[in-house]
Structures are given as structure tokens and as C-alpha cells.
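The block underneath contains the structure these notes are about, expressed in C-alpha cells.
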Amino acid sequence: MDQSKEIYAARVRSLAPAEEPERQYYFIDVMRSILAEKAAQAGRSLTMNVVTFGCQMNAKDSETLTGILSAIGYEDSDSEDADLVLYNTCTVRENANSRVYGRIGYLGNRKKKNPDKRIILCGCMMQEPQAVEKIRKSYRFVDVIFGTHNIYKLAELLFEREVQGSLVVDVWDQASGIVEDLPRRNKYGFKAGINIMYGCNNFCSYCIVPYVRGRERSRSAEDIVAEARHLAENGVREVMLLGQNVNSYGKNTPEGISFAQLLHRVSEVEGIRRIRFMTPHPKDLSDELIAEIASNDKVCKHVHLPLQSGSSRILKAMNRHYTKEQYLALVDRIKERIPGVAVTTDIIVGFPGETEEDFEETVDVVRKAGFMAAYTFLYSKRTGTPAATMENQVPDDIAGERFKRLLTAVGEVSAKQAEAYAGATEDVLCEEYKAEEELMTGRLDNNLLVHFPAEKSLLGEIVKVELTTCKGFYYLGKLCRSK
Ligand code: 5AD
Ligand code: SF4
């Protein structure tokens, strides 16, 4: 750093408030001036492109990241030619990592044409020291790397990059607390995710999440309800409460309330019409929660209940803490007490040691549980997890063949579940509009999708739709009347 820049940087840092989020608002202001100067030089406004990989948690984090960038003055762009490209990465499965490396290489070529381009990498993959090392060595054009615990620091890290002139890496092993009230931008005006907790304590033996997202931390119910209220006041009708295992919500919070009680509190917020949540773990889903879903009109009749495997032996090796029988009994209880509920799931094929018999147990559960949908994954070895060093890793061709068979079974079962709704008229939230076809895509309370001719102005409204034609896992329908 040259001397005048160093003096400037030291002065800016020394004036920064110590408290959060005030400190970040200060750096947003600083960055806004820096960016305005760059824009004036370029004679145009500068653009950003935020790309999100992976799950709903990342999508939620990206709303905060986008909020910060737009407060700094970046304008949206769909193109990776933007002046700032941010990848919020996922590392749950290996192929996600490979894809990211390929795309970073491509960004490097783009940066040759626009040397002032900023390339920012964050998210779960950056929590892995090997990934950061590889980027330091092979992708030297990257500007900022941070992890999952300090996304709130984006503006400060961008400032450090401007004054230091080289790669800034800031990855923490653990969270230091939850920073509330950052700028945030909703992707959809009418639905939004709300984090109710961060991290995971379950250590399923295949899963990298506890290592990259850290231990469980719940947000206070007061903050969650305040966020729901704020969203509702801004037109949001549906909220999705997010956590790796929502069943353990509430530990170490001032209120100490259960997840079911939290659902109830959120449902009291005026303007919120639908509440979804993800994900409950089958090992500790309470009767209290089932009762709340059953009795509360605002809570969607949809439970996403990851099975992972139908073999009790494999479930034990996965460290899941339930058996095939316990899982099926839970599904029965849910279906019995919540009329019309849809149960969906996640399944992993080819976990180490999985035999043909184990696999058949999984297919058996798929048939018996009657899933409305199942997300199926080929087991992916994640270095650092206990499963990665287990013996009897399943050869790719065997796992691939089982995967195909599982897809067929899932397709049959979910089509059968979906068919039961043929001819029904249901409340549908209008979520996406395709102008070319003049088709609206909406979602039922139970998460089923329906496409129907409608006007764009209905986006975000809840309307009545007749489900006319079942197309497997979705419907074609006819709009009845606006509600
Ligand atoms: N390999 C394959 N699938 C995995 N999942 C998590 N870790 C792995 C892994 N190592 C799946 C689980 C989880 C979903 C989000 O991703 O099914 O529920
Ligand atoms: Fe991973 Fe298991 Fe935690 Fe889910 S509950 S994030 S699968 S360790």
C-alpha cells in the first residue's frame, strides 16, 4: 500500500464504530463514496451479479449480501460481465465444488477485459481450508474470500480490498454472535425466508454442514417475529422459517420457547397468510409440532422430512438416531393428524456399505410413506466427515444404477399422491409469471405446483384454481376467481 493510502485507510478504520451493525453501516457509507467515484470515472453506474449455489440458507444469506451491495450503490445485472460478481458457494456435494472452480476460471478471463472487476467468493465451500488454499494458488485474480460466519462484514471487506489492493481472506471457524438489522433485499416481494437458527449439532456422518456452518444458534423469538412483521408490512404474504433442524429451535434464547410455539407467534403477525418451515429432523419431531400444523390455518400442510435411507442399519451408520420403523410410524402419525398433508423427503443413494437389501429397504419406505416428492442424491464423499473414511464405499456404477431405480419408484409414488387432487379447487399463491406463454405458476398450501393462464397482475395474490390435468408432480389448472 502506498503511504497516502495507508494513512487514509488507518483514518477510516480508526473512525469506525466498534458495535455492529453500526460498524457495517459506516463501511457501507465509505464504500458508497468509493464506488460513486469509480462510477464517475467510468461514466456509468457499476453493476453486480450475485450467484447463489445450494440451499435456502444460502439463498437467504444472498438476500443480505445483495442488500449490502445495493446499499453501496451497485445496480443489478444478470451477467457475469458485471463489475462485481459474488459467488455464494455450497459444498454439500463434491460436484458443486468442481462446478464453482470451472466458473471461477471463466470469471478470471472476464477480468482480463475489466481489470477493476471484483470477484468475491463466500459461503460453505470457503469454510474449507483446502478450497481457500487452491484459490490462493490457482485463481490469484480473486478479490475477497469470506465464510459463512461473517457475511455481515461484506462492506468492510470490500473496503479492505480497495485499500490493500490484493486478495483479502477472512474466514472464521466459529460465529461470534448474530448480527441483526442489516440491509436486506427480498428476491420476491410476496414471499421471504426467515432464519430462525444457524448451524447444526447433529453430525450426520456424511454431512459437511456442521463443519462449515458451526454449532446451533437460535435467534430470539422477538427478533424473528419483528422480522416477520416488517416483511408483512412490506407486502410479504408467505414466510419460510429456516434452520438445519428446526425441532431444536429455542435453546439458549431469552424466551426459551419451542418451535411449535414460535410457529404460533409468527402466525399471529397480521398480513402473513402462509408459513412454511424447513427442515425438521425425524428424530425429534414433536407431537406438539404436529398439533400446531394441524390446528393452525396459516401453517402450510407440508412436512419435509428427510429420510436419507430406509435401512435401519445404514441409518445407524449415518448417525441419524431413528430406525425405518420409527420413521414410518412418524409419517403415519403426521398423515393421521394433519388431513391433506404432503410429506416430502431427501434420500441419499450409495452411502458406504449400502447393500442391495439396504437399498430395497429405502424403496420400500418410498412406497409405504407415499411421498409427494423426494429429492434424491448420489452419496458424495466429503473429506473430514466420518463417512469419508468408512470401508466399502459403493462403486459408482452400482450407485448410479440404484439411483435410476429409485427415481422410477419416486416418480410412480409421487404421481399417485398428486393424482388424488385431480378436479379439486384449491388456494394457490401466484409465484412466477411466464410472459411468453401467459402462464402463471402457483403453489398449493401442500407445495404442489400448478400452471394456469392468468394475468401478471395476480403475482403475489392467493387465488382459487381448479386442478384440471395432473402432469406427474405438477398440475395444469384453471383460475376460478380472485380471493
Ligand atoms: N452426499 C450426498 N447427499 C448429501 N446430502 C448432504 N450431504 C450429502 C452427501 N455427502 C443431502 C442430504 C440432505 C440434503 C440437503 O443434501 O439428503 O438432506
Ligand atoms: Fe447435515 Fe444432518 Fe445437520 Fe442436516 S441434520 S445439516 S444432514 S448434519
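Descriptive notes on the structure:
- Total formal charge among the other residues, if their Cβ is under 13 angstrom from that of residue 472, Lys/Arg +1 and Asp/Glu -1: 0
- Taking 22 Å as the limit for the C-alpha separation, the pairs 187/301; 117/434; 191/251; 283/316; 187/456; 60/113 exceed it in the case of 187/301; 117/434; 191/251; 60/113.
- Cα long-axis angle, helix 3-15 against the chain (0 to 90 degrees, to the nearest 10): 50
- Ellipticity at 222 nm from helices only: DSSP H runs of n ≥ 4 in the chain, each -39500 (n - 2.57), divided by the residue count, give -12500 deg cm²/dmol.
- Principal-axis analysis of the Cα atoms of the chain puts helix 154-164 at an angle of about 30° to the longest axis.
- Dipole magnitude (debye, nearest 20) for the range 301-420, charges at Cβ of Lys, Arg, Asp, Glu: 540
- For residue 324, the aspartates and glutamates whose Cα falls under 17 Å of its own Cα, not counting residues fewer than eight places away in the same chain, are 284, 332, 346, 354, 356, 357, 358, 360, 361, 364.
- Charge tally around residue 361: other residues with Cβ under 15 Å, Lys/Arg +1 each, Asp/Glu -1 each, net +1.
- Part-to-part distance (alpha-carbon centres) for the range 137-203 and the range 424-461, which is given in Å: 34
- Backbone HN-Hα couplings from phi across the range 48-59 [Karplus 6.51/-1.76/1.60, Hz, Gly and Pro as x]: 10, 9, 9, 10, 10, 9, x, 8, 4, 5, 5, 4
- DSSP beta bridges fully contained in the chain are about 35 percent antiparallel.
- Once exposed loop GluC sites (Glu not before Pro) are cut out (DSSP; at most 15 other Cβ, 10 Å), longest piece of the chain: 271-390
- At a Cβ-Cβ separation cutoff of 4.7 angstrom, cysteine residues of the chain with no neighbouring cysteine are 55, 90, 122, 124, 200, 300, 430, 470, 480.
- In degrees, nearest ten, helix 324-337 long axis to first principal axis of the chain (Cα): 80
- Net charge of neighbours whose Cβ lies under 13 Å from the Cβ of residue 201, counting Lys and Arg as +1 and Asp and Glu as -1: +3
- Only Lys, Arg, Asp and Glu carry charge here, each on its Cβ (+1 for the first two, -1 for the last two); on that basis the chain has a dipole of about 640 debye about its Cα centre.
- Shape of the range 241-309 from the C-alpha gyration tensor: oblate (a/c of 1.5 or more and a/b not above b/c, with a ≥ b ≥ c the square roots of its eigenvalues).
- Simple rule: put +1 on each Lys or Arg Cβ and -1 on each Asp or Glu Cβ in the chain, find the dipole, and look at 106, 449, 240; the Cα lying farthest toward the positive end is 106.
- Looking at the range 128-176, the trypsin sites (Lys or Arg not before Pro) that sit in a DSSP loop and have at most 13 other Cβ atoms within 10 Å of their own Cβ are 140.
Quick note: the coordinates plus some simple rules give every number you see, no bench work behind them. Everything numeric in this text was worked out from a predicted model, so none of it was measured. Virtual Cβ from ideal backbone geometry, glycine too; neighbours counted across all protein chains shown.
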